[in-house]
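The values are calculated or read from the model by the stated rules, or taken from the named source; none is laboratory data. From a predicted model like this one, the values you see are computed outputs, not experimental measurements. Every residue, glycine as well, gets a Cβ built from its backbone with ideal geometry; the counts of neighbours run over all protein chains shown.
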Amino acid sequence: MSEICPRCGLPKEICVCSVLDKEVATKIRVFTQKAKFNKVVTVVDGIGSDQIEEATKNLKKMLACGGTYKDSTIELQGKHINEVKSALVKMGFKEDNIDLQ
Ligand SMILES: [Zn+2]
């Protein structure tokens, strides 16, 4: 027997939950802001709570920087606007949903 998706109850081969999640995702905003001690952080806002932990892990790895997340906001150390965008696209987020500011 194939594995069953815990969310929709369909076999994993035909389940589209994870695809839908990414498609209906609201706008992801990417911007920089000043953090403590005059440092700059890149903020990624709008990734859903079910994906944010993995997204943070991937971004830290792909950009080789430190970072944390809280609620729907990821904070990465340093300035990485364009790198974050291409990393998110590689992870499967739609380019049109990513807003650079
Ligand atoms: Zn499903």
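Within the stretch 57-85, which residues are of a type in the set (Ser, Thr, Tyr) and under 11 Å from the mean Cα position of the chain (by Cα)? It would help to see each step written out before you state the result.
Filtering the stretch 57-85 down to residues of a type in the set (Ser, Thr, Tyr) leaves 68-69, 72-73.
Scanning the stretch 57-85 gives 69, 72, 73.
So which helices (runs of 4 or more DSSP H) stay within the chain end to end and still have 1 or more residues that are away from the ligand (no atom under 16 Å from the Cβ) and among the polar types (S, T, N, Q)? I'd like the intermediate steps shown before the answer.
Details: elements: 17-24, 52-63, 81-90.
The helices (runs of 4 or more DSSP H) meeting that bar are 52-63, 81-90.
Starting from residues that are at pLDDT below 95 and touching a helix residue (DSSP H, G or I) at 6+ places or on another chain (Cβ under 9 Å), keep the ones in the stretch 42-69 and report whichever is surrounded by the most Cβ atoms within 10 Å (Cβ to Cβ).
Step by step, filter the stretch 42-69, then rank; the result is 47.
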